[in-house]
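Colleague: Sharing a structure, written as structure tokens. Questions coming.
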Amino acid sequence: MVGIVLLTLMTTTACWDARELDKDASVQILGYDLQTGGSPNKNALITASLVMWEHASSQQGGQGEGSELDYLQASGATFFDAIQNLSRSLANHLDFSHHIASVFSQEMASSREFQEVIDRTTRMREFRRRILFFVTSDHAESVICAQVHHAMQIGLGLKGLSDQMTMQQTSPKIDASQFLYDLSTPGIDPWLPRVDLVPAAQKNSPLARSEKKQSPFLQTNGAGVFQGFHWVGWLSPEDTRGILWLRDQSGEPTFTIPWQGERVTVLTEQIHTRVKVLQPGNASATIPPKFGVWVKWRGSIAMFAGRKTSQLNAEQIYSIEKSVQQSLLQTLQQSVRQSQNLHADVAGFGNCLYRKYPTLYQAYAPRWDSQVFAKSQVEYWFDVHLSGSGLTTRPPIYRP
């Protein structure tokens, strides 16, 4: 009986591969850069912000809240080689289970190495599909090491910035799952939020004005646009907002409109967008497709200098609604125009065509971005209503 018990204890499941936490080096952020002018065997540069738990556990009574991140770099012929070299340079095990974000430089995102990185990292056993992706016009190394005095907060800081800009709809929030979805879905080109360093003197905030050191700040504004795995250009914050509307990704942005010589700030409470194919065109693309966009917007007046909103009559409210509609129209038109100029259908008009006319889209597909989408026409219809400001005399309009 004793032998059976001992044999059972030896063969039952146990943590044979258990590893103490203080033996790990947890990756928070990875930066990808291409080095120029160096050795051809070391043109891929990886910058990593790591939490060394053996250091963190010895500070703040074992909580590690006040400890700083370690910043390490490694290079290699490929980015996969660079990550392996980074792992070899550490006595600790490199752990990706706490990976928050990856930052790609514009140069790297424009190269063929970008596809290899996406392909290899998504195959890693420890890879998390909720990792946030960013692209920067600067070096990724500079972005990651920008806030050394806020080291423990940089990963969460990027996440917080992404949430804030998504709510204001000036930058998208894209994780690995969303990026892979856009890559694999017909008729949609992927995009990534843009993150850059901004000098403190240019950032209008009390924190920037009060800081003695005047350190640069991270800012997410606009987006980088891709054709497949290849970066092709930038969208401004306003253009990004229009694309988010076309993708029917709602937020609560505020924007200011001109009205009778005054400036009125309105708050978006709800915006819903539908895209339909009005005319599919023909396979030779001599007649380009035509799309219709229906926008339902609900909001309120957030700020109105010089008068109270309760003093507005029905005609004035209707006039403000028309000004809101004109502002929405200009933003959407500019967004579509810029994406057409970049030959990148990030709004997904092609996917709308694909779902209704799959055979026709397949004929368009090889030249969709550069020839067909670039010449496509878009018409707009709006249902705009200001709530909480009184009734209007405007009759209801047709909503599909």
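The values are calculated or read from the model by the stated rules, or taken from the named source; none is laboratory data. If you're wondering where the values come from, they're calculated on a predicted model, not measured in any experiment. Cβ coordinates were reconstructed from backbone atoms using ideal geometry, including for glycine residues, and neighbour counts include every protein chain displayed.
Colleague: Show me the strands (runs of 3 or more DSSP E) found entirely inside the stretch 207-298 where at least 2 residues are modelled with pLDDT under 90.
Modeller: Of the strands (runs of 3 or more DSSP E) lying wholly inside the stretch 207-298, those with at least 2 residues that are modelled with pLDDT under 90 span 217-227, 254-259, 262-279.
Colleague: Need the failing condition index for F373 against (1) within 14 Å of G242 (Cα to Cα); (2) out of contact with any Lys or Arg (no Cβ under 7 Å at 6 or more places or on another chain); (3) buried (at least 20 other Cβ atoms within 10 Å of the Cβ), just the number.
Modeller: Failed condition: (1).
Colleague: Just to be sure, is Q28 surrounded by 10 or more Cβ atoms within 10 Å (Cβ to Cβ) and either at pLDDT below 70 or outside the structural domain of Q106 (by TED's automatic domain parsing) (or both)?
Modeller: no
Colleague: Could you please give the count of residues in the stretch 319-343 that are among the small types (G, A, S) and at pLDDT 95 or above?
Modeller: Final tally of qualifying residues: 2.
The rows are residues; the columns are (1) under 21 Å from W231 (Cα atoms); (2) buried (at least 19 other Cβ atoms within 10 Å of the Cβ); (3) at pLDDT below 75.
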| residue | (1), (2), (3) |
| --- | --- |
| F80 | yes, no, no |
| I83 | no, yes, no |
| H93 | no, no, no |
| F104 | yes, yes, no |
| R128 | no, no, yes |
| D138 | yes, no, no |
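Colleague: Restricting attention to the stretch 380-389, does a residue exist that is modelled with pLDDT under 90, loosely packed, with under 14 Cβ neighbours inside 10 Å and not assigned by TED's automatic domain parsing to the domain that holds S171?
Modeller: For the stretch 380-389, residues modelled with pLDDT under 90, loosely packed, with under 14 Cβ neighbours inside 10 Å and not assigned by TED's automatic domain parsing to the domain that holds S171: present.
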